[in-house]
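Inspection log for the structure reproduced underneath, given as structure tokens.
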Amino acid sequence: MEQFFLYSAVVLTIIIAVPLIRVVKGPTLYDRLLATNAIATKTIVLICLIGFLFGRIDMFIDITLAYAILGFIGAMIIAKFLESPKTRIEE
């Protein structure tokens, strides 16, 4: 079973690279923001898998909850910044 989770973690790490391309080459800031949120979501699952592999899932769940809250708040702050008429950035 640990072998399955290890392979899943490796595959998930490779899958994280796909939105990373959108972050670097995204045509708009909104695409980049969406790709950043996708990376954060996949990273949360990856941290849970690592916690299971180390046998400390309780500690890693706390880390993922904090990471999820920070990711959500960061996305809301960036969206609010982009919504503001003073700071409208056109690409």
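Laboratory data are not the source of any read-out in this text; all were calculated from the coordinates shown. Nothing here was measured: the structure is a model prediction, and the numbers come from that model. In this analysis, Cβ positions are derived from the backbone assuming ideal geometry, glycine residues included, and neighbour counts consider all displayed protein chains.
Given a Förster distance of 35 angstrom, what is the FRET efficiency for residue 83 paired with residue 5, based on the Cβ-Cβ distance and rounded to 0.05?
Given R0 = 35 Å and the Cβ-Cβ separation, E is 0.30.
For segment 15-91, just run the numbers: alpha carbon Rg, then divide by 2.2 N^0.38 Å, N being how many residues it has.
Output field value: 1.32.
Given Cα pairs under 8 Å that are at least 6 residues apart, what percent is the relative contact order of the chain?
Reported relative contact order: 26 percent.
Does anyone have the angle between helix 57-83 and the longest principal axis of the chain? Alpha-carbon axes, 0 to 90°, nearest 10?
Roughly 10 degrees, rounded to the nearest 10.
Name the most mobile residue of 16, 44, 57, meaning the one with the largest mean-square fluctuation, in a Gaussian network model of the chain with Cα contacts below 10 Å.
57
Less than 15 Å Cβ to Cβ from residue 56, Lys/Arg counted +1 and Asp/Glu -1: what total charge do the surrounding residues give?
Residues close to residue 56 contribute a combined charge of -3.
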